[in-house]
1. Summing +1 for each Lys or Arg and -1 for each Asp or Glu, what net charge is found among the other residues whose Cβ lies under 14 Å from the Cβ of Leu161?
2. Between [x] 23.6, 79; [y] 20.5, 69; [z] 20.4, 64, which matches Rg and Dmax of the Cα atoms in Å calculated for the structure shown?
3. Size of the dipole of segment 87-138 about the Cα centre, Lys and Arg at +1 and Asp and Glu at -1 on the beta carbon, nothing else charged, in debye to 20?
4. Over the chain, what is the relative contact order in percent, taking alpha-carbon pairs closer than 8 angstrom and at least six residues apart?
5. What number, in percent, do you get for the relative contact order of segment 272-373 if the mean sequence gap of Cα pairs under 8 Å and at least 6 apart is divided by its residue count?
6. Quick check: Cα centre of segment 119-171 to Cα centre of segment 348-387, how many Å?
7. Rounded, prolate or oblate: pick one for segment 224-285, where a ≥ b ≥ c are the square roots of the eigenvalues of its C-alpha gyration tensor, a/c under 1.5 means rounded, and failing that, prolate if a/b is larger than b/c, else oblate.
8. For the chain, what is the accessible area per residue in Å² when the probe is 1.4 Å?
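The values are calculated or read from the model by the stated rules, or taken from the named source; none is laboratory data. Source: prediction; values computed, not measured. Cβ atoms come from the backbone with ideal geometry, glycine included; neighbour counts cover every protein chain shown. Accessible surface is based on the protein model in full, side chains and every heavy atom, while ligands, DNA and RNA are left aside. Shrake-Rupley method; radii C 1.70, N 1.55, O 1.52, S 1.80 Å.
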Amino acid sequence: MSSSVITGIGSLVTNDPALGEGPLGLLEDAAVVIDGEHVAWVGPSAQAPAADEAYDAAGRAVLPGFVDSHSHLVFAGDRTREFNARMSGRAYTAGGIRTTVAATRAASDEELHANVARYVAEALRQGTTTIETKSGYGLTPHDEARALRIAGDHADEVTYLGAHIVAPEYADDPAGYVDLVTGPMLDACAPYARWVDVFCERGAFDGDQARAILTAGAARGLVPRVHANQLGHGPGVQLAVELDAASADHCTHLTDADVDALASGRTVATLLPGAEFSTRAVYPDARRLIDAGVTVALSTDCNPGSSFTSSMPFCVAVAVRDMRMTPDEAVRAATWGGARALRREDVGHLAPGARADLVLLDAPSHVHLAYRPGVPLVSSVWRRGVRVPAA
């Protein structure tokens, strides 16, 4: 394996306070040495050791690759009409998922592979170097297992979400569907996933159903995650903390008890501003969570119905504008926070030993991600030590 050095970095986000200033571990006029797939050295540019290849950042900013810890990429079909109607006044509910379920079931493996590859590549061009994605648009043992196998060929982390909604054919028998999700479907899916998730929400699964699904998954070695408190107050956040879930995702409607629970445990609050942007819903209050000491992540929630964006820079900008996060907090949540939500120690930071996932911005500071919203600032991306060719 060859080594490379990036010098002349105007502002380097390491996310390691031991290496630089503040929680972001900021270093100015810095350099990074990559050896194979890992970071070998970080420090002042003038002291950088030699390497096989050299790249001059010319005063631009470098930060860790974004860690997108919540997406739904295994799907087929299009919901443009639904979005257009919603923008004309119809509220978002969980039921729209059924449209995608029908299209996904009808799609070939080749079509689904092509779709997932397209969106993963799209995200990579925008600086996402680690991505999680879920099943949830098949809702039969065969289709959910198929989705997970396909996801595993493209994504870093794979989540079993048979409990996205009650399958249409079980509309009159939700208890029967929970039995399916915790029985034959789980048997088919557990070998292909690391995580188990549930949409604990009105129109989807209540607290008792969610508990049964998550505990069944945990018994098979899957670590819980929860879609929690998106559309209203509910038991999702409390359940996530009780079960030591890696993350409670959405966290839009929280009581003081919910915030206290998150602050007292290690469950990460993953905030998904693309969903509120695309549904004209109230944004989660990130400031409230951060001030309470809760670990916060930002993610895209990329899906065809309620948040059809793969852009982490967009989510950073919206979080700063509408969720009361500072630019530093939003960037940390989109990198280090996402890694915590996936319980990963190898990504989300740039310190010796970390995976060499880096983003070079066409800007002097990471603050420009919020300062210049909508501008394609990602100039170059390195993933596992390899510079990704421009599209």
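1. -4
2. Computing Rg and Dmax of the Cα atoms in Å and matching it to [x] 23.6, 79; [y] 20.5, 69; [z] 20.4, 64 gives [y].
3. The dipole of segment 87-138 has a size of about 260 debye.
4. It comes to 19 percent, rounded to a whole number.
5. With pairs under 8 Å counted, the relative contact order is 26 percent.
6. Centre-to-centre (Cα) distance: 26 Å.
7. Verdict is prolate for segment 224-285.
8. 38
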